[in-house]
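Read the structure below first, then the notes.
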Amino acid sequence: MVLSVSPLAANAVHQIITITPVAITELAALRDTEPDAERLGLRLEIISKPGEDFRYDLSFDVVTTAGFTDEVRTHTAEGISLKVIIPANSTELLEGATLDHTSSAGLVIRNPNKPQAPVVEGLLHDDALSAEIEAVVSAEVNPALAAHGGFVTFVGHDNEGTVYLTMGGGCHGCSMSKATMLDGVQTMLVEQVAGVERVRDLTDHSSGENPYFQ
């Protein structure tokens with residue numbers, strides 16, 4: 001049996017993010033106030049460092065100046081078209097995200113992805129113990145923290161019983177987040193993963209940088 005594919009389906013372009021109609025309308029109105037508006041697209045980029053909560057840069061840029069590795073997509077709603085430029089280093093971390101606009105908060109990005117873990121020299125993160133730790137973080141720790149809008153990201157371990165993590169979402173900046181890490185997350189990991197004795201939080205809850213917290 002030969003299955004035919006319609007030209008529309010064959011030429012369908014995968015959209016990296018979803019942009020709601022109200023956001024397209026709002027962004028197009030902002031674009032149209034710029035000089036050479038017909039040449040502009042919305043550049044959407046993640047500018048935060050690994051281990052930090054996501055921070056985004058949204059700006060209008062000439063589409064023809066997009067780099068060879070940039071992804072350019074056209075989003076359309078109610079007869080309005082908006083080109084969106086996403087740099088290659090942000091594509092994977094924006095996959096499945098939604099850009100919306102509300103009267104109370106303005107432009108809002110809902111991103112189901114988690115920031116990449118920072119790279120700390122000397123820590124192990126790709127061995128069998130790391131796999132066990134990540135499994136517990138995924139199945140036990142983050143579901144428990146999700147009720148508070150938070151999550152942790154595994155950074156690595158030192159092969160001497162210490163696990164290093166960062167905290168994000170509702171946990172980042174919360175006065176109780178360090179206690180939550182030590183009392184809750186540490187208990188889960190110590191009880192469920194042989195070889196884990198303690199955790200250390202690499203998140204600076206005041207500045208968003210990532211120094212060690214002992």
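Looking at (1) modelled with pLDDT of 80 or more; (2) touching a His at 6+ places or on another chain (Cβ under 7 Å), can you tell me which one residue 53 breaks?
Answer for residue 53: the failing condition is (1).
Assess whether residue 145 counts as being out of contact with any helix residue (DSSP H, G or I) (no Cβ under 8 Å at 6 or more places or on another chain), touching a residue at least 24 places away in the same chain (Cβ under 8 Å) and not assigned by TED's automatic domain parsing to the domain that holds residue 21.
no
Give just the number: which of (1) exposed (fewer than 12 other Cβ atoms within 10 Å of the Cβ); (2) more than 19 Å from residue 51 (Cβ to Cβ) does residue 159 not satisfy?
The failed condition is (1).
Taking the residues in the range 103-137 that are loosely packed, with under 12 Cβ neighbours inside 10 Å and among the polar types (S, T, N, Q) as candidates, determine which candidate is nearest to residue 201 (Cα to Cα).
In this case the residue turns out to be 104.
Does residue 47 fit the bill of being among the β-branched types (Val, Ile, Thr), modelled with pLDDT of 95 or more and under 22 Å from the mean Cα position of the chain (by Cα)?
No, not satisfied.
At least 2 residues that are at pLDDT 85 or above in each: list the helices (runs of 4 or more DSSP H) lying fully within the range 71-181 that qualify.
Here the list reads 88-94, 128-136, 142-146.
Okay, residues lined up against (1) surrounded by 14 or more Cβ atoms within 10 Å (Cβ to Cβ); (2) touching a strand residue (DSSP E or B) at 6+ places or on another chain (Cβ under 8 Å); (3) within 12 Å of residue 42 (Cβ to Cβ):
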| position | (1), (2), (3) |
| --- | --- |
| 59 | no, yes, yes |
| 69 | no, no, no |
| 79 | no, no, no |
| 82 | yes, yes, yes |
| 88 | no, yes, no |
| 99 | yes, yes, yes |
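The values are calculated or read from the model by the stated rules, or taken from the named source; none is laboratory data. In this text the structure is predicted, and so the values were computed from the model without any measurement. Cβ coordinates were reconstructed from backbone atoms using ideal geometry, including for glycine residues, and neighbour counts include every protein chain displayed.
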